[in-house]
1. Please report, in Å, the Rg and the Dmax of region 160-239, where both are computed over Cα atoms only.
2. For Leu358 and Trp142, compute 0.36 nm times the residue count separating them, minus their Cα-Cα distance, and round to one decimal in nm.
3. Taking each pair of different alpha-carbon atoms in region 259-343 once, compute 1/r for the pair, average those values, and report the inverse of that mean as the Kirkwood hydrodynamic radius in Å to one decimal.
4. Among Val122, Val91, Val293, what is the fewest-to-most ranking by other Cβ atoms within 10 Å?
5. Along each of the three principal axes of the Cα atoms of region 226-367, give the extent in whole Å, ordering the values from largest to smallest.
6. Place a label point 7 angstrom from the Cα of Ile346 along the Cα-to-Cβ direction, then list the residues of region 54-98 whose backbone nitrogen is under 13 Å away.
7. How do 144-150, 71-77 rank on mean C-beta neighbours within 10 Å, highest first?
8. Can you put Thr173, Thr303 in order of Cβ neighbours within 10 angstrom, beginning with the fewest?
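FYI, it's all coordinate maths here, none of it is from the lab. Owing to the predicted nature of the structure, the values given are computational and were not obtained by experimental measurement. Positions of Cβ are generated from backbone atoms using ideal geometry, with glycine treated the same way; all protein chains shown enter the neighbour counts.
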Amino acid sequence: MFHAPHGYQRAPLPPARESEPEAPLARTAMTFSWSGAEAVPTPSPKGAPVAKHRDAFFDNAKYLAIVFVAMAHAWEPVMDGSRTTRAIYMVVYSFHMPAFIIISGYFSRSFDMSRKKLQRLVTGVAVPYVLFEIAYTFFKRWVGNDPGHPISLQDPWYLTWFLVALFIWRVTTPLWQALRHPMPVALGLAVLASVTSNIGDALNLQRVLQFLPFFVLGLMLKPEHWQMVRRREVRLLALPVLLGSLLFAYWVAPRLSLGWFYHSSSAQEIGAPWWAGVVMPFALFGCSLVLTVCFLAWVPGRTMWFTVLGAGTLGGYLLHGFLVKGAGYAGWFETYTWLSTPLGEIFVTVVFAVAVTLFCTPPVRRFFRFALEPKMDWAFRRDAGETARKRESEQQPERERQFAGRSS
């Protein structure tokens, strides 16, 4: 989609896919042919399946976002004492998950609680959550030497919180689409969560509510909004904005708690006054939105070597956590102190970027399909209407041939 060397794309993005994304984001789309500024579905031959293709821009955005997620997790054990790394960490944490969540919301717009979409929600989000929550628990017991760590599907540990949040957000999608002003309501809930210290750890509701405005924003977006983000002026403006953000983060790094960027605690738990819980959600939402726009403005839209990896970001997200935690349990960061030097931090960054890239590859995705994308047709009742329509479509060509024979 990006034809210029710097990735500028003049053709508009196709509209949101009608099919529900499998997990955690959309996976396929109708084939489109371009006619001026309007995307027109390409008709298929009669009786043939409709051709599908993936949207390179969103696949690229998902892959690049997951690489930033892995790199940020790799910086956590080595950034103590480095003000520069801490500043970069804060900037990256401001946009990597918001970008992911906004795209998730954008491709959840067609979720309507239908049988097929509920089945996809269960197999693409709920089942991976259960399996990986159990896997992480045993990993912490055996590798982390914590035999008492309980299995608790009610209290997601480490990375699995995102699957819980995505399940809740998507189930409530019809509600947000029914509200006249969903964004003020979502922001209000985020503020209430930020000032409420007794929510507890159940389903990680702090994160569910504090990240909610990004998902609701994605639900409200239209194709033309993505076109605006990718205009040349926005791309050029993104560079000084990003530079200014890094300088500001460098200045504020020793003064601002990282807890604000995790969205997992109330203001009181972070050690801030309650009124900060009212101000900070709005401030962070604005900063995250600006930096997310800067990030998306520079995401290439044409097919790149890593575009195919956008289909495997769920695997990359869930699997790289074992590498991060495993390195910590093995004591590598304490043993090899040179990892906390500038060259060591660069080495760690490259290693984890390569690792998460490998975790997103098709072979790894196929290997873990039983956990990431299980079919589970055996667990659901067959739709009698869909079966009848399929049988009818299969019999239609034969009926047409018989009718043609009689006519001749």
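1. 15.2, 46
2. Details: separation 216, 0.36 × 216 = 77.76 nm, distance 2.47 nm.
That pair, Leu358 and Trp142, stretches by 75.3 nm at full extension.
3. One decimal place: 17.1 Å for the Kirkwood radius.
4. Val122, Val293, Val91
5. For region 226-367, the Cα spread along each principal axis is 48, 45, 29 Å.
6. none
7. Values: 144-150: 10.9, 71-77: 20.0.
Listed from highest to lowest mean packing, they are 71-77, 144-150.
8. Numbers: Thr173 21, Thr303 16.
Fewest to most other Cβ atoms nearby, the residues stand as Thr303, Thr173.
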